[in-house]
Amino acid sequence: MTFRIVLATLNARYIHASLGLRCLLANMARYGGDDLRAGSCLREYTINRPVEETAQDLLQAVDGVERAILGLGVYIWNVAQTTELVRALKTARPDLVIVLGGPEVSHELDTQPVVAWADHVITGWGDVSFPKLCRALVHGPQPLMKVIAGEQPALEQLDMPYGEYTDEDVAHRVIYVEASRGCPFRCEFCLSSLDKTAWSFPQDAFMQALQTLWQRGVRHFKFVDRTFNLKIDASARILEFFLAKLPAPGAGEPDFMAHFEVIPDHLPDRLKELLARFPAGTLQLEVGIQTFNVEVQKRISRKQDNARTQANLRWLARQSTAHLHADLIFGLPGETLESFAQGFDTLWALGPHEIQVGILKRLRGTPIARHTQAWGMVYDPQPPYTVQATADVPLEQMQAFTRFARYWDLVANSGRFSRTLPLLLGAAPFAHFWAFSTWLWAQHGKTMGWTPDALVDALFAHLVTVRGLDATPVRAALLADYAASGAHVQPESLKGLLPPVDKSRSRRRGADQRQQMHAGSH
């Protein structure tokens, strides 16, 4: 019998490369057989591609074979488009065997349309269970169960996925790696709260994989470990690997970036000493704060030493060159706008480069659902299942916060207004930005479609006419920010202050940008 196994998913962007699919592909021979590995291929698409085009490409990939198997990775960001895709595929070719896996289809399966269309669903880990299912589908005996609980092996029993990254991946995409899986903590908003602990891959083998990726030209490593600094010996060895890649003094600039997600209250001196040795531009640390409200932390089973967290963030901001990305979540049960504002101001004072203000999502299977009735939690029934109101936050306030978060990304996290932002935030960062957000929405009624020059004029108008600040320093800060950004349109508030536009340079820059966009679209 001729067969073809296709592993596919819809990524949020082209630059993302699915680590999960590559884990399945890497273990196809070990747990399915050499013939299954030879008959398998990987296809990646984006959620913005028309569903009919994706369906046509997948149907072409399995055209002419007797047994066609399609494994699809389903996540909160792609479940809507994946549902449309599965419906189109099963309509066009009913005998196509569709197997679903991923976090979105590992819990609460009964009500999901995408599950109803599929032939099989693997919940949890798929590294072993997917190849075994494919072997049964190709060679028999045919599986009787639609829903299959994923088998979780010891990590040393898995083949690592890094050889499945192609040269094109290495050249054009972020390369995801994992030194460990799982998380020992119980934060109820997170799917990792269902894990019993964290498991580490065999470190010697992992370090060799890092070295091989480096030799192939990988320079942007994104670690997906939930708790990179949980085990200090392992963390230190990985940091030392990257420190050894720094060029000798005077031999040029470093050309790599490593991204880690760290536990905020666990930063012993040994790690500090290593982190302090990294030059600017080589290290990015994502720090999940989520909330400083002690009562809310207890309610959602989050263990966090706030004093130690603040001390560590302060040290990182002042004693290291790492780019700090800190996360806060609004809408947790019992959190009010006022208590969130206090936490926001505390975090801002510590000096992170970015504060990602997100809104709580009720991920399928997470224990946060137990608070729904007691705390009046109302969630959007459609993905990404964002909280719409709580007993402490009415709908209108939640909508206003959504706009706040969007404007914060445009102004603060964009990095375009580093000189103007201190004027805007002043001594009461959250209150002042909330006032700006409220005014901006009332004046313009949009959160999308803002051009850099329009934002400059809006900031000038708010700071001068609403806040009553002196126009001279406001204009000077905006002028410096706008000039540094490379934008060349003349905002009204800066008329006559910007140098004339070099149109030939502008055309060349535009051509270069188009070329880069074209290269990133393949």
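The values are calculated or read from the model by the stated rules, or taken from the named source; none is laboratory data. Every value quoted in this text rests on a predicted model; they were computed, and no experiment measured them. Cβ placement follows ideal geometry from the backbone for every residue including glycine, while neighbour counts extend to all protein chains displayed. Just the protein is used for accessible areas: all its heavy atoms, side chains included, with ligands, DNA and RNA removed. Shrake-Rupley method; radii C 1.70, N 1.55, O 1.52, S 1.80 Å.
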Å² of accessible area per residue within region 254-336, as computed with a 1.4 Å probe and no ligands counted: 39
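What number, in percent, do you get for the relative contact order of the chain if the mean sequence gap of Cα pairs under 8 Å and at least 6 apart is divided by its residue count?
Reported relative contact order: 10 percent.
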For region 3-20, 3J(HN,Hα) per residue [Karplus equation, 6.51 cos²θ - 1.76 cosθ + 1.60, θ = phi - 60°, Hz, x = Gly/Pro]: 8, 8, 10, 10, 9, 8, 7, 10, 7, 5, 9, 4, 5, 7, 10, 5, 6, x
For region 77-181: Kirkwood Rh in Å [reciprocal of mean 1/r, alpha carbons]: 15.8
Within the chain, helix-based [θ] at 222 nm, where runs of 4 or more DSSP H residues each add -39,500 (n - 2.57), nearest 500: -12000 deg cm²/dmol
Pair ALA38, GLN373: separation of 7 Å Cα→Cβ label points (nm): 5.9
19 Å Cα-Cα reach of LYS231 towards aspartates and glutamates, excluding residues that sit fewer than 8 places from it in its own chain: GLU156, GLU178, ASP195, ASP204, GLU240, GLU261, ASP265, ASP269, GLU273, GLU286, ASP305
Stretch gain in nm, segment ASP204-GLU273, where the contour uses 0.36 nm per residue and the Cα spacing is subtracted: 22.5 nm
Surface share of carbon and sulfur [accessible, 1.4 angstrom probe, percent] for region 34-130: 50
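Averaging over every viewing direction, what projected area does the convex hull of the Cα atoms of region 311-457 cover, in nm²?
10.2
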Three-way shape label, region 443-500, alpha-carbon gyration tensor, a/c 1.5: oblate
Debye log10 I(q)/I(0) for region 253-308, one point scatterer per Cα, at q = 0.23, 0.27, 0.31 Å⁻¹: -0.95, -1.12, -1.29
Relative contact order, percent, region 437-499 [alpha-carbon distance under 8 Å, six or more residues apart]: 36
With 5 Å bins from 0: P(r) over region 377-419, alpha-carbon pairs, percent: 6, 21, 19, 19, 14, 10, 8, 3, 0
Accessible area of SER414 in the full protein assembly, 1.4 Å probe (Å², nearest 10): 50
Kirkwood Rh and Cα Rg combined as Rg over Rh, evaluated for the chain: 0.98
Area accessible to solvent at TRP439, 1.4 Å probe radius, in Å²: 50
Accessible-area value, GLU338, 1.4 Å probe, nucleic acids and ligands omitted, Å²: 120
Euclidean distance between Cα centres, region 20-38 to region 264-301, Å: 36
Taking region 99-161 and dividing mean pair separation by its residue count, relative contact order in percent (alpha carbons under 8 Å, at least six apart): 33
Residues with amide H under 5 Å from that of ILE98, placed H, sequence gap 5 or more: LEU70, ASP119, HIS120
For region 97-164 and region 340-411, distance of Cα centres in Å: 32
Between region 51-93 and region 199-233, the alpha-carbon center distance in angstrom: 32
Proximal lysines to LYS361, defined as alpha-carbon separation beneath 26 angstrom and excluding residues fewer than eight positions away on the same chain: LYS196, LYS222, LYS298, LYS303, LYS446
Region 4-43 - Rg (one decimal) and Dmax (whole number), Cα, Å: 10.9, 32
By accessible area with a 1.4 Å probe, ligands and nucleic acids excluded, highest first: order of MET207, MET257: MET257, MET207
